[in-house]
Amino acid sequence: QVQLVESGGGLVQPGGSLRLSCACSGFIFRTYAMNWYRQTPGKERELVATITSSWSTNYADSVKARFTISRDNTKSTVSLQMNSLEPEDTAVYFCNAKGAYYTYWGQGTQVTVSS
């Protein structure tokens, strides 16, 4: 049974930081590219950050230099360190695993940036 369970969301003031984590099970984690997406009401889901199975990373322009994605293959987890948060970062954040044949999603965690 495949599971992706996000944690770490919450309410934070502008300029603050949060760290999201995604605990994965039920698939061969090390062979999957891992992504973080986010979505706000009425908008399409947006790709925020990617880390491939070979550890390459890529970021949306809107979060470059503020967000850092990392993975721990020994624990089957992927994390997103978010610094200098802005109100525009408010969204539901989703963990995504993309393999050669299958794609899996977590249930999402809410991040709200507000004073």
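The values are calculated or read from the model by the stated rules, or taken from the named source; none is laboratory data. Owing to the predicted nature of the structure, the values given are computational and were not obtained by experimental measurement. Every residue, glycine as well, gets a Cβ built from its backbone with ideal geometry; the counts of neighbours run over all protein chains shown. All accessible areas refer to the heavy atoms of the entire protein, side chains included, with ligands and DNA or RNA removed. Shrake-Rupley method; radii C 1.70, N 1.55, O 1.52, S 1.80 Å.
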Query raised in the report: When segment 64-115 is examined, which residues are found to be over 13 Å from the mean Cα position of the chain (by Cα), without any contact (Cβ under 8 Å) to a residue 40 or more places away in the chain and farther than 24 Å from residue 1 by Cα?
Result: 64, 65, 66, 88
Requested in this report: Go through segment 1-27 residue by residue and tally those that are assigned to a loop (DSSP other than H, G, I, E, B), open to solvent by less than 40 Å² (accessible area, probe 1.4 Å), over 19 Å from residue 75 (Cβ atoms) and touching a strand residue (DSSP E or B) at 6+ places or on another chain (Cβ under 7 Å).
Outcome: 1
Query raised in the report: Restricting to segment 68-98, what's the tally of residues that are open to solvent by 20 Å² or more (accessible area, probe 1.4 Å), of a type in the set (Gly, Ala, Ser) and over 13 Å from residue 15 (Cα atoms)?
Result: 2
Report task. Go through (1) under 11 Å from the mean Cα position of the chain (by Cα); (2) over 19 Å from residue 5 (Cα atoms); (3) open to solvent by 70 Å² or more (accessible area, probe 1.4 Å) one by one and return the number of the condition residue 47 breaks. Result -> (2)
Requested in this report: Could you please find all residues in segment 41-63 being of a type in the set (Val, Ile, Thr) and either in contact with a helix residue (DSSP H, G or I) (Cβ under 6 Å, 6 or more places away or on another chain) or free of Cβ contacts under 8 Å to residues at least 24 places away in the same chain (or both)?
Outcome: 50, 52, 57
Requested in this report: Would you mind stating whether residue 63 is of a type in the set (A, V, I, L, M), open to solvent by less than 70 Å² (accessible area, probe 1.4 Å) and in contact with a Cys (Cβ under 7 Å, 6 or more places away or on another chain)?
Outcome: no
**Report entry** Selection within segment 28-40 - out of contact with any helix residue (DSSP H, G or I) (no Cβ under 9 Å at 6 or more places or on another chain) and crowded, with 17+ Cβ neighbours inside 10 Å
**Finding:** 29, 32, 33, 34, 35, 36, 37
